[in-house]
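If you scroll down you'll find the structure; I have some questions about it.
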Amino acid sequence: MFAGAPQYLVSGLTQGAAYGLIGLGFTMIFNTTGIINFAQGEFVMLGGMLSVCLLGAGLPLPLAIVLACLATAAIGGLMERLAIRPIAGAPAVNAVIITIGVSILLRGGAMLAFGKDTHALPAFSGTAPILALGAAIQPQSLWVLAVTLALLAALKLFFTATIQGKAMLACSCQKKAASLVGISVARMALLSFAISGLIGATAGAILAPITMTAYDVGMMLGLKGFAACILGGLGNPFGAAAGGLVLGVLESFGAGFIASGYKDAFAFVVLLLLLFVKPSGLFGKAGVERV
Amino acid sequence: MKLPVIGQNAAQAALFLLLLLAVPYTLPNEYYLSICILGALNAVIAVGLNLLMGYAGQVSLGHAAFYGLGAYATAIATARFGLPIPAGMAIGVSLATVVAWVVAAPTLKLKGHYLAMATLGFGIIVSIVFNEAVDLTGGPSGYVGIPRLALFGYEFASDHSYYNLMAVVLTFVVLLSLNLMKSRTGRALRALHVSEKAAASLGVDIAAHKRFVFVLSAALAGLAGVLYAHYLSFIAPASFGFGFSVQLVVMVVLGGMASVWGSVAGALFLTALPEALREFEDIDILVYGAILVLTIMFLPDGLAGGLSRLSRRLRRLRRQGDAS
Amino acid sequence: MRVKAILTALCALCAATCAFAAEPVRLGAVLSVTGPASFLGEPEKNTILMEVDKINAAGGVLGRPVEVVILDDETDVNKAVLAVDRLIKKENVAAILGPTTSGNSLAVMGKAAAAKIPLISCSAAEKITKPVNPYIFKVAPSDRLAVARILTHAKAKGYKKLAILTVSDGFGQAGREVLKELVPAEGFELVADEVFGPKDTDMTAQLTKIQGASPDAVICWGTNPGPAVVAKNRVQLGIKTPLYMSHGVASKKFIELAGEAAEGLLLPAGKITAADKLPDTDKEKALLVGYAKAYDERFKAPVSTFGGHGYDSLHLAVKAIANAGSDKPEAIRDALEKIQNFPGIGGIFSFTPEDHAGLGPDAFIMLGIDKGDWVIVGQ
């Protein structure tokens, strides 16, 4: 009965790390602007597709990935500058609809630019599986986990040791107070979109060797990322990462032990039950309301 | 002489109905009628969703599920169990209502994005059930053989007759919503949107009011679902997924929050837009996205807000013209 | 006075041009050019565009050029219904090609039949032509034929216990139904029945579970990219159990996606997939190789069976118009039903009033993958 458990755990953690990274991107933008960015999944798609495209153009893999992530960060920044900032002051739901519009644009643009085919990226260090504890681990899974941890550490450093990071934290606590002490809230919003683009694209690039990528993968991944950051408690980057891991493992165990067709349903049922018991997620602060 | 509010609503609705019934005679081709029928179906859901979102301030990213529950219930009841169509329709609307009532209690305690996530999760669970319960729903390839709508011995066989029916249903839903919002309940809903604490201190039963409007909007989505199933004679899970839930929210916001007429406009606009953009062939998706973004940027109160601003400006211009 | 003169001149001009250029034969097509099924719809559209040019360069049909109005349904059932409505009521087409997917075909069949317009679906579901609707035909081979091909191969290998792993969309569901019926009926034991979502990115959980049931072989039914993930996960888990794929991945794209993990996999496929590997004695070889070459030159993309459905639906419609000597929908329908031994990309088509699918079991060959290329392992 529990024979497959180690394997399910490994698969779940890999998937979950990716969900967590995507959730991290949501959190960055939400904290500084209060917006749920529906285009977050498209950043993930762009990270994967641009890497594939640049690799195809003859660049070495590491360079292709770095460039793809930077380009996506630039797109994130542009999105804030062109579509989000002009409507500052409008209700948050308007901004959310704008992000839906932008996600349609990015998806459509990617379809026209890269075509409708699915593409695979080569694994960073081979595909020979590592056998441990009754589970087969892909080297790429280790990459995913390692990059996720590295990004989390970098963010931690950013928020605690840099002036920009502290300013951004200030924005998330109290926008008005932040602007009164001389922090440019608009610049912080721009920065948060760019960082979010960077994180999303990184997730897309490191996942592409395992899951492959196409112009339309963004929506589903974005959805899972959103679920991850709600599960962990909105506004808490480390909660989002943890929420992602929990979600991934839930899905994997659901597929293994219940019925594979209902694995997403299983994960969402657990998520709903959890919200009913703990209305602000696993690590969210109760009573915080930002609508 | 000024009509009482209810009378004003009735007069507006009667005018709206006349306008809708006249539309088919102005269309150059019967093909446009199919778009109008789908538009009217979406408008019924959007008006209901706006009661929840625009007036009561509660987000739902799962309304496609209620639409689907209505459609599948009547499909299974009539095509599989051979029940008469009115019975199937009643079952469809009731199922959406009952499920909404059950879901509402724990869900509506959540706030903001958590509520959005919970409704989203509910919608996804329902659409997975549509996909996986193959024996009951026919699975991803869809449910065939649903009878075309017939009531009291009259079959709505032609698109024109179905359109007329939809015009009447939509008018009825609009009138119901207009009157509701002018009623005591409507005022209570708006109050709780602004501040739940203030509304509660005035004696409004917050939980009961939220639940009422959630169930009402789900019932309207269920109604649209049964009418959709008996119009198309075929349904598939893909029509009731997350994407459609998002589209419904876009219709409401694009039309204008807290405006019944805005939701009608938003639904008709977003249903017709992709058909109108067929001329652009490959880049239609880009044009669609751009129109969405630009509309929200330049009409922050949606189509309804934009229209009322336009009419105000026209009136001012006319007054200036009269004065000079 | 002057206005009237201009009008008269215009009328004369119009009459003159009309007399010179014969009015085109108008056909319509509803294809999933975008959306989840675009991997089917796009090659279908490309093929139809290419073949229309070829037909017109050769003088058209009945001395008139052929014109195909292609509408994209975005793999959305509502859009497919609207598109068919538009073709029938606004574009006044004589026959409809497509839709691409089974669901959309089932949804629009009633509309076409009610308007008495023949429809040649590019999708595979058996429900489309069973029971036979006088106006509805299809060109994609039924899944039943592909499953039978796999089971024949498995039987020859002496396998007893089979496991299935199917995608939870229309394609996978149709395959799963046939598999669950034929696997026991052919004397095999079905030891595991797992599914995965069309957008799922990891199937190790399902494969682990299947391994627990120790089957002799696994049959995976899906379209890209899911099966490529399955193939990769299989290698990753070190599973040696033989793996069959479906014709849903019968294109070079799959080998590209799965990479080394594709080695040794088996699948049933239309002959077009490995046209150049067919023996020269094969009667269809010249046609298939010609089409593959032309497609590759024009669109710079490898040919697939799916584009072939576009070819077959268009050429069958044109052939019927030529045979009938008329482009009246009723006449096209009657002529379609009489077509015999028509060589298409998907196989040899013979329609009868009882059979509107028209293909025999020889539509599929069994292919293996070796060093990144196809090998024919069974005709």
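For chain C, how big is Rg over Rh, using alpha carbon atoms and the Kirkwood form of Rh? Mind dumping the intermediate values first?
Values: Rg = 22.6 Å, Rh = 21.8 Å.
Taking Rg over the Kirkwood Rh, I get 1.04.
OK, next. In bins 10 Å wide, starting from 0, what share of all Cα pairs of chain A does each bin hold, as a percent?
Taking every Cα pair in chain A, the percentages come to 7, 28, 36, 22, 7, 1, 0.
Largest first, please: the extent of the C-alpha atoms of the range A:93-151 along each principal axis, to the nearest Å.
Projected onto the principal axes, the Cα atoms of the range A:93-151 cover 49, 29, 20 Å.
Which of B:Asp284, C:Asp72 comes first, and how do the rest follow, when ranked by fewest Cβ neighbours within 10 Å?
In order of increasing Cβ crowding within 10 Å: B:Asp284, C:Asp72.
Moving on to the next point. Take A:Leu142 and C:Ala115, extend 7 Å from each Cα along the Cα→Cβ direction, and tell me the distance between the two endpoints in nm.
The two pseudo-label positions are separated by 6.1 nm.
What does the charge count near C:Val167 come to, summing +1 for each Lys or Arg and -1 for each Asp or Glu among other residues with Cβ under 11 Å from its Cβ? Intermediate results must be reported in sequence, preceding the final value.
Working: positive: C:Arg176, C:Lys199; negative: C:Asp169, C:Glu194, C:Asp200.
Residues near C:Val167 contribute -1 overall.
Could you please state, rounded to a whole Å, how far the C-alpha centre of the range A:115-163 is from the C-alpha centre of the range C:261-290?
Taking the Cα centre of each part, the range A:115-163 and the range C:261-290 sit 40 Å apart.
Please give the Cα centre distance for the range B:204-238 versus the range A:57-86, rounded to the nearest Å.
41 Å
For a footprinting-style exposure proxy, rank A:Met45, B:Met257 by other Cβ within 10 Å, fewest first.
Ordered from fewest to most neighbouring Cβ atoms within 10 Å, A:Met45, B:Met257 come out as B:Met257, A:Met45.
Over the Cα atoms of the range B:65-125, what radius of gyration and what Dmax do you get, in Å?
Rg, Dmax (Cα atoms, Å): 13.9, 43.
Could I ask something else about it? If you wrap a convex hull around the C-alpha atoms of chain B and split its volume per residue, what is the figure in Å³?
Once divided by residue count, the hull of chain B is 178 Å³.
Still on this structure, I have one more. Near C:Lys89, which aspartates and glutamates are there with a Cα under 18 Å away, not counting those fewer than 8 places off in the same chain?
Here the aspartates and glutamates satisfying the reach criterion relative to C:Lys89 are B:Glu30, B:Asp159, B:Glu275, B:Glu279, C:Glu67, C:Asp72, C:Asp73, C:Asp327, C:Glu330.
Okay, moving on. Rounded to the nearest 0.05, what FRET efficiency do A:Ala161 and A:Ala5 give with R0 = 41 Å and r taken as the Cβ-Cβ distance? Could you check?
About 0.55, to the nearest 0.05.
Using a 7 Å offset from the Cα along the Cα-to-Cβ direction at both C:Lys127 and B:Leu27, what is the distance between the two label points in nm, to one decimal?
Output for this residue pair reads 2.7 nm.
I would also like to ask the following. Around A:Ala74, with a cut-off of 12 angstrom between Cβ atoms, what is the net charge of the other residues, counting Lys and Arg +1 and Asp and Glu -1?
0
Can you pull the one-decimal nm distance between simple spin-label points at A:Lys278 and C:Ile376, each 7 Å off the Cα toward Cβ?
Going from the A:Lys278 label point to the C:Ile376 one covers 6.2 nm.
Order of A:60-68, C:51-59, A:195-203 by packing, highest average Cβ count within 10 Å first?
Per-residue mean Cβ counts within 10 Å order the peptides as A:195-203, A:60-68, C:51-59.
While we're here: Could you give the length gained on full extension between B:Ala150 and B:Ser94, defined as 0.36 nm per residue of separation minus the Cα-Cα distance, in nm? It would help to have the intermediate numbers written out before the result.
Values: separation 56, 0.36 × 56 = 20.16 nm, distance 1.93 nm.
The B:Ala150-B:Ser94 span can extend by a further 18.2 nm.
Among DSSP bridges having both ends in the protein assembly as shown, what percentage is antiparallel? Round to the nearest 5.
For the protein assembly as shown, the DSSP antiparallel bridge percentage is about 40.
Same structure again: Per 0.36 nm of contour for each residue apart, how much would the distance between B:Leu19 and B:Asn164 grow if the chain were fully extended, relative to their Cα-Cα spacing?
51.1 nm is the gain from fully extending B:Leu19 to B:Asn164.
For the protein assembly as shown, what Kirkwood radius comes out of the mean inverse Cα-Cα distance, in Å?
The answer is 29.9 Å.
Which of the aspartates and glutamates could a cross-linker bridge to C:Lys157, judged by Cα under 19 Å and excluding same-chain residues fewer than eight apart?
Leaving aside aspartates and glutamates fewer than 8 places away in the same chain, those within reach of C:Lys157 are C:Glu186, C:Glu189, C:Asp216, C:Glu263, C:Asp370.
Where does chain C land at 222 nm, in deg cm²/dmol rounded to the nearest 500, when only DSSP H runs of n ≥ 4 count, each adding -39500 (n - 2.57), divided by all residues?
Helix-only estimate at 222 nm: -14500 deg cm²/dmol.
Values quoted throughout were computed directly from the atomic coordinates according to the rules given, and no laboratory measurement underlies them. These numbers come from a predicted model, not from an experiment. So basically every Cβ, Gly included, is an ideal-geometry build from the backbone, and we count neighbours across all protein chains shown.
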